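Enquirer: Below you'll find the structure I mean.
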Amino acid sequence: MEPIIQVNNVTKEFKVLNRSEGLKGSIKDLFSHDYKIVRAVDNVSMDIGQGEIVGYLGPNGAGKSTTIKMMTGVLKPTSGSIICNGVVPYDKRTLNAQNIGVVFGQRSQLWWALPAIESFNILKDIYLVEDKDYKDMLELYSTLVDMDSIMHKPVRQMSLGQRTLCDILASFLHNPPVVFLDEPTIGLDVAMKAKIRELVKMLNKEKNTTVILTTHDMGDVDALCERIVIIDKGKKIYDNDIEHLTGLFGAYRTLSVSLSKNKEILTKEELEQMETSVSNLLREQWPDVDMPVSIEDNEIQILVNEAFTGVVKVINAVQDKYKVYDMHITEISTESVIRKIYDGSKIVK
Amino acid sequence: MKCRKYLSMIKAGIMEDMQFRGAIIMTFFGNLLYLLLAFFLWKAIFESSDSPVINGMTFSDTIIYLVFAAALFNFMEMWTVWNMGRDIQDGKIVVDLLMPCGYRRLRLFRGLGEVIVNFFTTLLPTAIIVYFISGKAIHLGLNILWFLISVFFSFFINYYIEFIVGTIIMYTESIWGIDIMKEVVVGVLSGAMIPLAFFPEGFKQIALALPFHAIIDSPMTLLLHPEYGLTDVVNILAMQVLWFVVMGILSDVFFKFSLRRITVNGG
């Protein structure tokens, strides 16, 4: 299937003035021609298919927003090319705008002083949506969210969550093939985040809309994205599905064991003693394998890489020496993997 | 039906403006205050003069002119510079650039609603009041038609100038100083604050060579001089059309150039 968005070897460079320090420096800067080139996006390529939800991740300043701005046509790449719906967005911005929906975190496209429904009516006319399609869309919306409570309230009186919700609804209103959501859940409470994730997921499913999502919230990624693309310092460092991501650093699992009948009354010293002895035990047993031991919630936590040692073997080893009162095994979270990638930024195939 | 999108934006502008009833009332009293001030200032000027006619204008001519000019000036106000500046500073312009409509047109139609409200709250009532208070001193005839045609061009010339000034904010990133400067330059050189007839000859020639006079002076001249022949009328209107075209092209090219500079170099 032909991809709906093709990004080919895109690089974006910015010219920034080298600023000097102090008052004298700022006066000097007024006449300075001392520019340096900053490469915000460095040779990034990706193909995105119709109906995909792609999580576009990266630490602050990695070049996420710059890429999004190029895909929407607000910025022009220094080199490389982008095709979105068969249109080159930065050459035909206005035409491209008809085919996309955009939500930029805190910036609303709604009419500030008017109730949301009025903004929807205006957007309907601006995007030249047919009456019937518009009615159908509103009907679909009312099955997904409680429209009555928000539609007749002026946008300026809305809570951030309600406004974001309306903005997302507004971006899907003209049924565009592609929607860009730039940090949609920023600053929202847990319930609202869940609501928005649910909404995006349903709209994606109903309308087969391609969604490109940037976020710092791994909850968004876990709930929505099958595929994630990670960039750091402008370079793409990961592009695959979420299952592969957790396996990226080996098959890590966390084993937590409780070595006391009543773990709540353990003192810090007792815990630390346990930690050291478990750590020594493991080192004796597997001298070549690094198995970090830590204390969490008055339990001993062991990070096991299953590529080297089975979790069951570790449990047996611990059980041989101690009485285990309680234990549980958890998968490593997406968040910890992403953190490892951001910290290490190594290129992974 | 492509005009649907523009009609809808105008409607939204009207509705948005109506939300702020307080502002409409405040503008009304603000204008009243300005006119009172102008009244006493010009009264003093005429009393200190020996002849009742200065530069070919009587006191009542001057006051009618000033009241009308102020109403016209307020009528055209849609805060383009201010709104563009805010959009540019907080980056909201990105959202507007992603509308399926050119930015200059978007701003125009979003502001047009306010202008329509202004017409009914300032220009029309002022015209009616002045007409009756001045003892029907304004001639009702073809001059009204010329005036209305002229106002159409005035409006666009004013908008294009504001749009150019708004674009400059992309470079300076400060709104206040630029906006004040524009207010003063346009206010004086258009003839909104002082009739051009009172300008010293050299200064008047400069003002007439610039586009600003086409905003207020041209329509006011057509309104208050019903005795002008067809050639005079055509001359004034042709000059306006010329500035309309020139400023239209200039504002479009300058904005596109500036936008390209920013999208290429980042901003």
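The values are calculated or read from the model by the stated rules, or taken from the named source; none is laboratory data. Note that the structure is predicted; figures quoted are calculated from it, not measured. Note that we place each Cβ from the backbone using ideal geometry, even for glycine, and neighbour counts take in every protein chain shown.
Enquirer: Is it the case, given these coordinates, that A:Leu199 is on the phi < 0 side of the Ramachandran plot, in contact (Cβ under 8 Å) with a residue 24 or more places away in the chain and more than 14 Å from chain B (Cβ to nearest Cβ)?
Expert: yes
Enquirer: For the list (1) surrounded by fewer than 20 Cβ atoms within 10 Å (Cβ to Cβ); (2) more than 21 Å from B:Asp217 (Cα to Cα), I need the number of the one condition that B:Val81 fails.
Expert: Here B:Val81 clears every test but (1).
Enquirer: Anything in segment B:106-149 that is among the polar types (S, T, N, Q) and either part of a loop (DSSP other than H, G, I, E, B) or on the phi > 0 side of the Ramachandran plot (or both)? List them, or say none.
Expert: Selection gives B:Ser134 alone.
Enquirer: Which of the helices (runs of 4 or more DSSP H) found entirely inside segment A:57-176 contain at least 1 residues meeting this: touching a residue at least 60 places away in the same chain (Cβ under 8 Å), under 30 Å from A:Thr334 (Cβ atoms) and within 11 Å of chain B (Cβ to nearest Cβ)?
Expert: Per the criteria, A:64-72, A:160-172.
Enquirer: I'd like to verify a number: residues in segment A:247-302 that are of a type in the set (Asp, Glu), modelled with pLDDT of 80 or more and in a helix (DSSP H, G or I), how many?
Expert: 5
Enquirer: Taking B:Glu114, is it under 20 Å from B:Leu33 (Cα atoms) and either more than 14 Å from chain A (Cβ to nearest Cβ) or in contact with a helix residue (DSSP H, G or I) (Cβ under 7 Å, 6 or more places away or on another chain) (or both)?
Expert: no
Enquirer: Among the hydrophobic types (A, V, I, L, M, F, W, C) and crowded, with 23+ Cβ neighbours inside 10 Å: does that describe B:Ile144?
Expert: No: the conditions fail for B:Ile144.
Enquirer: Is at least one residue of segment B:190-208 part of a helix (DSSP H, G or I), under 24 Å from B:Val67 (Cβ atoms), in contact with a Gly (Cβ under 8 Å, 6 or more places away or on another chain) and not basic (Lys, Arg)?
Expert: yes
Enquirer: To continue, here is another question. Of the residues that make up segment A:30-43, is at least one within 14 Å of chain B (Cβ to nearest Cβ), at pLDDT below 85 and either assigned to a helix (DSSP H, G or I) or farther than 28 Å from A:Lys233 by Cβ (or both)?
Expert: yes
Enquirer: So is B:Met99 at pLDDT 90 or above, within 12 Å of chain A (Cβ to nearest Cβ) and not in a helix (DSSP H, G or I) or not?
Expert: yes
Enquirer: While we're here: Looking at B:Phe153, is it part of a helix (DSSP H, G or I), in contact with a Pro (Cβ under 6 Å, 6 or more places away or on another chain), touching a residue at least 12 places away in the same chain (Cβ under 8 Å) and of a type in the set (Phe, Trp, Tyr)?
Expert: no
Enquirer: Residues that are within 14 Å of chain A (Cβ to nearest Cβ) and modelled with pLDDT of 90 or more: find the helices (runs of 4 or more DSSP H) completely inside segment B:1-93 holding 3 or more of those.
Expert: B:3-18
Enquirer: Could you say whether any residue in segment A:131-151 is charged (D, E, K, R), closer than 23 Å to A:Gly58 by Cα and surrounded by fewer than 17 Cβ atoms within 10 Å (Cβ to Cβ)?
Expert: From segment A:131-151, those charged (D, E, K, R) are A:131-133, A:135-136, A:139, A:146, A:148; that's our starting set.
Of the ones still in play, those that are also closer than 23 Å to A:Gly58 by Cα are none.
No, there is no match, as no residue in segment A:131-151 is charged (D, E, K, R), closer than 23 Å to A:Gly58 by Cα and surrounded by fewer than 17 Cβ atoms within 10 Å (Cβ to Cβ).
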